[in-house]
Amino acid sequence: MNKNRLADILVIILTCTTIIFLFTFLVAFGFHVIPSGLLSISLGVLLLYARGRKHRPADEKKLPKLSSEKEAFYVSKGLEKEDIQYFRQTMQKAKQQIRDIEVNMLATGKLKAIENRNNTIHLTKSMFREIIKEPNRLHEVDQFLYVHLPSLADLSGKYNEINNHQAKSKATYDMLDKASQTLDKMCQQIAEDYVQFKSDDIVDMEVEVELAKRSLDKDNGFQEDTINNEEV
């Protein structure tokens, strides 16, 4: 049985058992008003719990089956079983946030212009693929995954929600303008996250360029000496 479903059943059983026990106990001692209030409170607790389950975040939902090839890849990167589970949950949630960002950023002309200027959708997807290739570097992208990505998804969604209001005051337009400026900065931050994550590649290229320059300098020096010593 699914662990989340089992937890739901246990919560319901314990709540109902508690209600019956307290109701019986209080009625036996002549209390009649308190049990009614207790019943209302208990039902409220169950409703709140049910609402929380309905809005359970993506990382708690069932993950697709892990293939043996992918599991072997994670193991080769040094991930333990718990690490693999956490990584997959994190990336599944990130995938949904990227989808939300794509929908939100293409919904209005203003956000579409911001997206085009920063190439945000392409960069978020590229960043996602790069993290998938190097799961052992998850700790290096905590700001991207846990702050920048969800914030961009939430704010862009809220922007569209308010922008779709049938009537807007000056204060509303001012707020939308401030929100769009903030979204622009957030998209710039996404680009910086990508550059930072790929900084090792830039360093490697700098090293390769320097080695190539030294090799060329040696070749040029050798050729120059050869020419100088040649009889004409």
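The values are calculated or read from the model by the stated rules, or taken from the named source; none is laboratory data. The structure displayed is predicted, hence computed values, not measured ones. Ideal geometry is used to build each Cβ from the backbone, glycine not excepted, and the neighbour counts take in all protein chains shown. To get the accessible areas, we keep the full protein, side chains included, count just its heavy atoms, and leave off ligands, DNA and RNA. Shrake-Rupley method; radii C 1.70, N 1.55, O 1.52, S 1.80 Å.
Per-structure values
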quantity	calculated
Residue check for Gly78: without any contact (Cβ under 8 Å) to a residue 12 or more places away in the chain, of a type outside the set (Ser, Thr, Tyr) and either farther than 17 Å from Pro150 by Cα or in contact with an Asp or Glu (Cβ under 8 Å, 6 or more places away or on another chain) (or both)	no
Residues located in region 64-123, provided they are of a type in the set (Ser, Thr, Tyr), crowded, with 17+ Cβ neighbours inside 10 Å and assigned to a helix (DSSP H, G or I)	Tyr74, Thr90, Thr120
Any hit, region 129-148, residues being polar (S, T, N, Q), open to solvent by less than 60 Å² (accessible area, probe 1.4 Å) and at negative phi	no
Checking Val33 against (1) modelled with pLDDT under 65; (2) loosely packed, with under 10 Cβ neighbours inside 10 Å; (3) closer than 30 Å to Lys185 by Cα, the condition it does not meet	(3)
Selected residue (criterion: nearest to Glu102 (Cα to Cα)) from residues of region 156-170 that are among the small types (Gly, Ala, Ser) and modelled with pLDDT under 95	Ala167
